[in-house]
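For reference, the structure is listed below as structure tokens.
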Amino acid sequence: MTDSSRPGKIVCVGRNYRAHAKELGNDVPAEPLIFLKPPSSVIRTGGTIELPTVSSQVEYEGEIGVVIGSRLTRADESQSKRSIRGIVALNDVTARDLQRSDGQWTRAKGFDTFCPLGSEVPAPADLSSLEVTTRVNGSVRQHASASEMVFAIPMLLAYISSIMTLEPGDLVATGTPAGVGRLEIGDVVEVQVASSLVRNSVAAAG
């Protein structure tokens, strides 16, 4: 997946950090909670996150994104780890009020501009060493290590591959840590994972 391309599909994991589940008043799931974002939601560094008029509570969610490099179907964790092509910083922008009111998350997660992605960088040998940091207007709002995930990255990929085939170029968003918060017009939000950085301004939808 180059900077100019879009993933074939974006599979996301919800409530994969205990503190984040707690801050939203949710239980940690017994198995991974997955949902999809459309490829049309992708923007890159320098793109503008547009706040839709139908939502009054749009929030950032910094995440570690995993780019798939080889086809995975009913894979085990070892195969899943070997399939990783790279890592990206990802912002799972969410209309929180719509997420609560709709009962399912497609609309809340699926608006155009709601999936900012950084450049793809190599994955480390130790995936648990990855860290994600989110800043709004230069202030750190989120910081966590992959070692704090409820479900580790290889397990997530194996689990997803038992449901749907993951193809080269697909993207898996591995969940957001505690510290999510509202975005306002004029904000600048950054998510960093290793040397992958995505930086976006925030504006009203045109």
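Does any residue of the range 87-96 turn out to be without any contact (Cβ under 8 Å) to a residue 12 or more places away in the chain and within 22 Å of PRO177 (Cβ to Cβ)? No: the range 87-96 contains no residue that is without any contact (Cβ under 8 Å) to a residue 12 or more places away in the chain and within 22 Å of PRO177 (Cβ to Cβ).
Would you confirm, using the coordinates I've provided, whether LEU183 is touching a strand residue (DSSP E or B) at 6+ places or on another chain (Cβ under 8 Å) and either among the polar types (S, T, N, Q) or closer than 19 Å to PRO39 by Cα (or both)? No, not satisfied.
Applying the set (1) of a type in the set (Gly, Ala, Ser); (2) surrounded by 15 or more Cβ atoms within 10 Å (Cβ to Cβ); (3) more than 22 Å from LEU98 (Cα to Cα) to SER5 leaves exactly one unmet item: (2). In the range 2-58, the residue that is farthest from the chain's Cα centre (by Cα) out of those that are part of a strand (DSSP E or B) and hydroxyl-bearing (Ser, Thr, Tyr) is THR48. Number of residues in the range 170-204 that are of a type in the set (D, E, K, R), surrounded by fewer than 22 Cβ atoms within 10 Å (Cβ to Cβ) and not in a strand (DSSP E or B): the value is 2.
If the condition is being surrounded by 20 or more Cβ atoms within 10 Å (Cβ to Cβ) and either touching a Pro at 6+ places or on another chain (Cβ under 9 Å) or modelled with pLDDT under 95 (or both), then the range 136-148 contributes GLN142, ALA144. How many of the residues making up the range 68-96 are within 30 Å of SER56 (Cα to Cα) and among the hydroxyl-bearing types (Ser, Thr, Tyr)? Result for the range 68-96: 1. The listed residues are VAL136, VAL121, VAL140, and the only one of them that is free of Cβ contacts under 8 Å to residues at least 12 places away in the same chain and hydrophobic (A, V, I, L, M, F, W, C) turns out to be VAL140. Would you confirm, using the coordinates I've provided, whether GLY103 is at pLDDT below 95 and either among the aromatic types (Phe, Trp, Tyr) or over 17 Å from the mean Cα position of the chain (by Cα) (or both)? Yes. Among the residues of the range 63-110, the ones that are small (Gly, Ala, Ser), surrounded by fewer than 16 Cβ atoms within 10 Å (Cβ to Cβ) and part of a loop (DSSP other than H, G, I, E, B) come to 2 in all.
Looking for something in a strand (DSSP E or B), out of contact with any helix residue (DSSP H, G or I) (no Cβ under 8 Å at 6 or more places or on another chain), modelled with pLDDT of 95 or more and buried (at least 19 other Cβ atoms within 10 Å of the Cβ) - is there at least one such residue anywhere in the range 118-131? Looking through the range 118-131, none of the residues is in a strand (DSSP E or B), out of contact with any helix residue (DSSP H, G or I) (no Cβ under 8 Å at 6 or more places or on another chain), modelled with pLDDT of 95 or more and buried (at least 19 other Cβ atoms within 10 Å of the Cβ). Checked against (1) over 13 Å from GLY65 (Cα atoms); (2) in contact with an Asp or Glu (Cβ under 9 Å, 6 or more places away or on another chain); (3) β-branched (Val, Ile, Thr), THR133 meets all criteria but (1).
The values are calculated or read from the model by the stated rules, or taken from the named source; none is laboratory data. Computed from a predicted model, the values in this text were never measured in an experiment. Every residue, glycine among them, receives a Cβ derived from its backbone with ideal geometry; neighbour counts consider all protein chains shown.
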